[in-house]
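A short worksheet on the structure shown next.
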Amino acid sequence: MAKEARLLSKQFLLGAAGILIWLCGELVPVWVPGWTAYIMENLQKSIETKDSGLMLVISFSYIAKYVLIFFLMYGGAYVFVKSICYKLSESVFIFCYMLLTTFGMLAFQELYHENFSFAAHFLIIGLSSFVHIYLPREKNYMAIFTVVLLLLLSAIQWLQLVPLVTPFGFGSDDIAAAIKMADGYFNGYELLNTLATIFFAVFLVLAAIFFVLAMIQDKQMHTRKKFEVQGAALRKTRHALVESKVYEEMANLVHDLKTPLVTVEGLVSLIELQMQAAHDSAAAAYFQRIENSVEKMKDMISEILDEHVKKEIEAAELLHYVTSHLALDDQFVQLHIHIEEPVPMIHINKIRFSRALSNVIENAVHSFAGKQGNIWIRVLTEQEQVIFSVRDDGSGIAEKDLHAIFEEGFSSRESSGLGLAFVRRVVANHGGTVNISSLKGTYTEVRIGLPMKKEPISEVYQHIGSER
């Protein structure tokens with residue numbers, strides 16, 4: 001309702017402006033009463049002195065006067081009709097536009113008795129309606145239509161002064177007829193037949209060029225947008241295929257690890273049975289450790305092959321696992337990790353979630369480009385979620401890139417563009433949320449939220465990485 005009310009208010013203001021402009025056109029002779037007198041007096045003077053140069057000045061004054069009047073009348077009528085017919089068909093719009101402009105011409109005739117013919121009027125109606133129908137509706141539509149209308153009106157007004165088209169109803173008003181009569185007296189109609197025709201052709205060609213350029217520009221914009229959409233789709237498809245291939249190969253590789261692992265497990269069990277008679281407690285402890293390691297590897301393989309396999313783990317254990325795999329030895333980065341107390345157990349696929357969290361941290365490391373910096377990793381509870389916050393004081397992300405940061409294939413560096421898209425997918429698979437905020441040149445913070453479990457733990461894990 002509020003949106004509809006704002007639209008109606010906007011259309012009302014547009015209509016009021018249109019009527020005001022239209023009335024200004026009708027009242028120009030009242031506001032500038034000396035214009036017509038100036039034309040007629042100097043025309044008479046040019047005849048008396050046989051000054052064809054003065055007659056040309058009068059011709060330009062005539063063109064300026066009626067281009068201004070009709071530009072306000074036709075332009076105001078167009079704006080008003082556009083405000084009341086914005087939901088109606090093109091045919092209804094053109095009919096209302098023709099009706100209002102024709103009424104304006106009749107009113108002008110009655111007010112000033114200048115004996116205009118309607119040939120030029122209907123030609124302008126036809127041309128401006130054609131422009132309205134075929135001109136692209138881009139954001140600069142009204143400005144382009146205004147310029148084209150102004151050029152068309154200039155062309156038609158010069159046509160009014162061409163003596164050759166007088167029999168067809170053009171230039172029958174009193175001032176135009178007087179100017180052409182003076183030209184006939186001076187030059188046998190040769191001057192205006194030549195000069196007015198040239199100006200008519202020039203303004204008409206300019207209007208056509210402007211109109212065609214607007215259409216070409218619109219076509220180029222649509223083509224560019226189409227290519228951008230297609231390019232984005234191709235990039236997304238390409239990266240999806242790359243990612244799919246990577247995970248397929250990884251899954252095959254991990255699956256192949258099962259065979260030697262089962263062999264190791266069987267051989268260890270066999271050796272353990274053969275050595276039981278020796279009652280070697282140290283060997284028994286070693287065998288137990290080997291079996292535990294084999295079990296952990298089997299669990300890891302299961303988690304990699306099936307992303308839906310999830311287990312409960314403490315946040316401290318997870319962060320220890322993630323940070324132990326980070327290569328920070330060659331980086332001037334100081335890592336700060338803090339887990340607020342109490343934090344419940346989290347239910348995750350350890351391998352995939354660890355990879356997602358590592359991607360976020362690695363992005364933070366890359367943001368320093370080899371320079372010194374700090375990364376703060378915090379784990380806290382907030383609104384029924386366990387929040388993993390990774391914040392750095394690196395280069396930040398440009399505002400224009402924030403909306404696309406999680407799209408497939410997006411990367412501000414020369415990389416595959418899979419990192420943050422993978423993060424979002426993994427977090428979504430865990431029923432969580434991921435958000436990013438950044439200020440260019442100041443900081444970037446990624447917040448990953450996971451659904452909270454009910455059992456809290458009290459362990460606080462504090463780790464500060466080394467600085468090279």
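The values are calculated or read from the model by the stated rules, or taken from the named source; none is laboratory data. Values in this document were obtained by computation on a predicted structure and should not be read as measured data. Reconstructed Cβ throughout: ideal geometry from the backbone, glycine too, with neighbour counts over all protein chains shown. Side chains are part of the model used for accessible areas, which takes the heavy atoms of the whole protein and leaves out ligands, DNA and RNA. Shrake-Rupley method; radii C 1.70, N 1.55, O 1.52, S 1.80 Å.
Among the residues of region 345-367, the ones that are assigned to a loop (DSSP other than H, G, I, E, B) and either out of contact with any strand residue (DSSP E or B) (no Cβ under 7 Å at 6 or more places or on another chain) or open to solvent by less than 10 Å² (accessible area, probe 1.4 Å) (or both) come to 1 in all.
The single condition from (1) of a type in the set (Ser, Thr, Tyr); (2) out of contact with any Pro (no Cβ under 8 Å at 6 or more places or on another chain); (3) over 21 Å from ILE209 (Cβ atoms) that TYR189 fails is (2).
Take the conditions touching a Gly at 6+ places or on another chain (Cβ under 8 Å) and either surrounded by 14 or more Cβ atoms within 10 Å (Cβ to Cβ) or part of a helix (DSSP H, G or I) (or both) and apply them to LEU23. Does it pass? In short, yes. Checking ILE125, ILE179, ILE144 one by one, the residue that is β-branched (Val, Ile, Thr), part of a helix (DSSP H, G or I) and farther than 16 Å from GLY75 by Cβ is ILE179 and no other. Residues that are polar (S, T, N, Q) and surrounded by 11 or more Cβ atoms within 10 Å (Cβ to Cβ) were ranked within region 187-234; the one that is nearest to ILE133 (Cα to Cα) is GLN217.
Here's the yes/no breakdown for (1) modelled with pLDDT under 85; (2) out of contact with any helix residue (DSSP H, G or I) (no Cβ under 6 Å at 6 or more places or on another chain); (3) farther than 24 Å from THR433 by Cβ:
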{"site": "ALA278", "(1), (2), (3)": "yes, yes, yes"}
{"site": "ILE290", "(1), (2), (3)": "yes, no, yes"}
{"site": "HIS308", "(1), (2), (3)": "yes, yes, no"}
{"site": "HIS325", "(1), (2), (3)": "yes, yes, yes"}
{"site": "GLN334", "(1), (2), (3)": "no, yes, yes"}
{"site": "HIS338", "(1), (2), (3)": "no, yes, no"}
{"site": "ILE348", "(1), (2), (3)": "no, yes, no"}
{"site": "ASN359", "(1), (2), (3)": "no, no, no"}
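Scanning region 313-323 for residues that are more than 15 Å from GLY432 (Cβ to Cβ) and touching a residue at least 40 places away in the same chain (Cβ under 8 Å) yields GLU314, ALA316, LEU319, HIS320, THR323. From the list GLU414, GLU382, GLU445, the lone residue that is modelled with pLDDT of 85 or more and either open to solvent by 90 Å² or more (accessible area, probe 1.4 Å) or under 24 Å from LEU326 (Cα atoms) (or both) is GLU445. Restricting region 26-52 to residues that are open to solvent by 90 Å² or more (accessible area, probe 1.4 Å) and among the acidic types (Asp, Glu) leaves a set whose member that is farthest from GLY76 (Cα to Cα) is GLU48.
When residues in region 131-180 are screened for being in contact with a His (Cβ under 8 Å, 6 or more places away or on another chain) and of a type in the set (A, V, I, L, M), 0 of them pass. Scanning region 70-89 for residues that are over 31 Å from the mean Cα position of the chain (by Cα) and among the hydrophobic types (A, V, I, L, M, F, W, C), we see that the one that is surrounded by the fewest Cβ atoms within 10 Å (Cβ to Cβ) is PHE71. Among the residues of region 53-69, those that are in contact (Cβ under 8 Å) with a residue 24 or more places away in the chain and open to solvent by 10 Å² or more (accessible area, probe 1.4 Å) comprise LEU56, SER61, ILE63, VAL67, LEU68.
There is no residue in region 159-168 that is open to solvent by 60 Å² or more (accessible area, probe 1.4 Å), closer than 16 Å to LEU213 by Cα and in a helix (DSSP H, G or I). In summary, HIS320 fulfils each of the numbered conditions (1) modelled with pLDDT of 75 or more; (2) more than 20 Å from ALA356 (Cβ to Cβ); (3) part of a helix (DSSP H, G or I) with the single exception of condition (2). I'd like the full set of residues that are of a type in the set (Ser, Thr, Tyr) and at pLDDT below 85, limited to region 47-60. Correct list: THR49, SER52. Looking at the structure I just gave you, is HIS113 surrounded by 17 or more Cβ atoms within 10 Å (Cβ to Cβ), under 24 Å from VAL32 (Cα atoms) and not hydrophobic (A, V, I, L, M, F, W, C)? No; evaluated as a whole, the condition is false for this residue.
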